[in-house]
1. In what sequence do MET216, MET79 fall when counting other Cβ within 10 Å, fewest first?
2. I need PHE42, PHE29 ordered by Cβ neighbour count within 10 Å, fewest first.
3. Around GLY464, which amide H atoms from residues at least 5 apart in sequence, or from another chain, sit under 5 Å from its own amide H, with H modelled in the peptide plane?
4. When the gyration tensor of segment 341-478 is built from Cα positions, what are the square roots of 5 times its three eigenvalues, in whole Å, from largest to smallest?
5. I want the local charge near SER362. Using Cβ-Cβ distances under 13 Å, sum +1 for each Lys or Arg and -1 for each Asp or Glu among the other residues.
6. Mind jotting down the distance between the C-alpha centroids of segment 165-197 and segment 222-251, whole Å?
7. Kirkwood hydrodynamic radius, segment 80-194, all distinct C-alpha pairs: what's the number in Å?
8. Net charge around ASP122, counting only other residues with Cβ within less than 14 Å of its Cβ (Lys, Arg = +1; Asp, Glu = -1)?
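Laboratory data are not the source of any read-out in this text; all were calculated from the coordinates shown. All values derive from a computational prediction rather than experimental measurement. Because the Cβ atoms are built from the backbone with ideal geometry, glycine has one as well, and the counts that use them run over all protein chains shown.
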Amino acid sequence: MAVDAAALARRTRRLASALAYRLTLVQRFALVSLAILVAGAFIIGTYVAEEIEDRVIARTSAITALYVDSFVSPRLQEMSRGPIPTASRSELDRLLTDSSLGQEIASFKVWDTQGRIVYAKDAALIGQQFEPQGQLAAALTGKVQASISDLKEKENRLERREWDRLLETYAPIRKHETGAIIGAMEFYQDPSDLESEIESSQRKGWIIVGFSTAGMYLLLVGLVKSASNTLASQHRHLGQLAQENERLAQRVRRAAARKTETDEQLLKRIAHDLHDGPAQDLGLALLRIRSLRQGAETHLSQADRQVQQIREDFQLVETALADALKEVREISSDLHLPELAGLSLPQVVEKARLDHERKTGSKVATAIGAVPASASLPLKIAVYRVLQEALNNSYRHAGAREQRMSISHSDGWLSLQAADGGPGFDPPEAEANQKARPVLGLRGMRERVEMLGGALEITSGPRGTTISVRLPLESDVR
């Protein structure tokens, strides 16, 4: 049973959590505030009902005590000197039997200051003594005390025969001349009319508390509902703005991707123009210089002192042309982007490594993780160019020491890293220097990555430099 109860409690908590999760903020507030207000209304209503009962009983008892005292007290003045005289007892019997006062009072007792009953309707109680306590003790100190009694005391055996409960009142009896307390009177009344009055007052109190609570509840829920509607409207507006911003961002990325392709086509055309124009002219000039040098050496006399100078001039021009041709071809090779459209993403990375190793003769440690094979052409271009520039910078400035690169994929993002074991540099200072060639490379990499919605981070120190790149694998970049 204990296990079943625990399982039931767990299921109940899970069900409550599921229901709470499905409720809106306003609905949750409505339920919580309803529970709080109902609990508060119950506490306040209970307190008010008890206060009404106590006040009604106290007021009724005080008025009745004054009324009874006006009849009874003159006949009990002899209590201070001894037992109540027989004549006084007879008057009390007649008063409590034949008068209108007797019709209102169900039972009557008189106590002396020692807690002894000196008069009672039940003659068997006269002379019995009890320890003054509770309401009797309070009455002997001068206070009027009243309550609804269930008649369970020993002294109430006579009353229990006819009633289940009575309004019990204790009031002090005072000496007329001095005001000193000479005893206490105890009388009982039928509480029916009083209870009816109490119930009517309590009902009115509960109605007031109920309407007040309902009004506060409706006001609070209305305010929260209004605030929630305002927040929901603002949230929808923000959502629309976010969607519009996302559409604009997609348009920017698509434009940047198209610009990347356009730039690569322009670089490809420049590379072809360099190869087919200046490179061809330099090659032809180099051939003609060699031919002229050979012809001049053949026809000039070996004794001519200018032969050696002419030979050196021809060699200098030939060397300059050869170096210029080599540099033009290297520039053309760097500008010309290999065909990447038909390659997978891992193949693009591998091609960047092979091209760099073939050009420089260095070795690059490569780690290719589980990356998607397909990717957009702008993304392939960005991967190739970033790796190309990073490896070239590492070769020029770090001496190709401990060159390594890696690529991985996680949660729709492609991560690239290119690192070396060189002496490092200060990236902010390098990027701030607009004239240095590495600056243009770093800035170009950063702009290329950011145009596709990615991010580039450079960390450098005495133990090497690491370029980290994150690029989104988004289908909308076309």
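1. Numbers: MET216 14, MET79 22.
Ranked by crowding around the Cβ, least crowded first: MET216, MET79.
2. Numbers: PHE42 13, PHE29 18.
Sorted ascending by nearby Cβ count, the order is PHE42, PHE29.
3. Amide H neighbours of GLY464: GLY424.
4. Largest first, segment 341-478 gives 23, 17, 13 Å.
5. It works out to a net charge of +3.
6. Rounded to whole Å, the Cα centres lie 72 Å apart.
7. Working: mean 1/r = 0.0686 Å⁻¹.
Hydrodynamic radius (Kirkwood, Cα only) of segment 80-194 equals 14.6 Å.
8. On the way: positive: ARG89, LYS109, LYS121, LYS154, ARG157, ARG160, ARG161; negative: ASP93, GLU153, GLU155, GLU159, GLU162, GLU186.
Counting the neighbours of ASP122, the net charge comes to +1.
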